[in-house]
Amino acid sequence: MIAKYLSLLTLTVVTFGSFTAIAPAFAQSNGNTINQTDVYDGMGIGGQPTNRTRNSRSRIENSGGANVHNDIQIGVSDTCGRSKNTNNTEHTGSTGASVSVNVDVCNPIYSNPATNGR
């Protein structure tokens, strides 16, 4: 009777212990925050337009919600609206914002033929 009780107790401990060890492997990933920021300063590069393409990707494995991504691209130039930004984003396992801002002002030094190069 004691041998039967001990074997049952051993089986219970081994079984419970194996589930306890395996549980973290199947735990969901929660509470992650991914911040990705790209800033480009194209002011004073001689009025040459830039076409910037940025690929931003992240992946949260086994996500369980409450994962956030913030993806921001900012481009500043002085080519009178001729520069472009493209922000290709793919964030798997999270929710959030992907923002691309292009500030392209007219600099009279580059856009006015009378003052070109001065």
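The values are calculated or read from the model by the stated rules, or taken from the named source; none is laboratory data. If you're wondering where the values come from, they're calculated on a predicted model, not measured in any experiment. For neighbour counting, all protein chains shown are included, and Cβ atoms are generated from backbone atoms with ideal geometry for every residue, glycine included. Ligands, DNA and RNA are excluded from the accessible area calculation, which covers all protein heavy atoms including side chains. Shrake-Rupley method; radii C 1.70, N 1.55, O 1.52, S 1.80 Å.
Below are the figures for this structure:
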| read-out | value |
| --- | --- |
| Scope the range 55-81; condition more than 15 Å from Ile34 (Cβ to Cβ) and of a type outside the set (S, T, N, Q); matching residues | Gly64, Ile74, Gly75, Val76, Asp78, Cys80, Gly81 |
| Where Gly65 falls short, out of the listed (1) open to solvent by less than 50 Å² (accessible area, probe 1.4 Å); (2) assigned to a strand (DSSP E or B) | (2) |
| Top-ranked residue in the range 68-94 [being surrounded by fewer than 17 Cβ atoms within 10 Å (Cβ to Cβ) and under 10 Å from the mean Cα position of the chain (by Cα); ranked as farthest from Asn30 (Cα to Cα)] | Ile72 |
| Residue list for the range 77-92, filter: among the hydroxyl-bearing types (Ser, Thr, Tyr) and not in a strand (DSSP E or B) | Ser83 |
| Residue match in the range 54-62 (condition: in a strand (DSSP E or B), open to solvent by 50 Å² or more (accessible area, probe 1.4 Å) and among the acidic types (Asp, Glu)) | no |
| Neighbours by Cβ (under 9 Å, 6+ apart or cross-chain): first from the range 22-33, open to solvent by less than 80 Å² (accessible area, probe 1.4 Å) and among the hydrophobic types (A, V, I, L, M, F, W, C); second modelled with pLDDT of 75 or more and assigned to a loop (DSSP other than H, G, I, E, B) | Ala27/Asn62; Ala27/Gly64 |
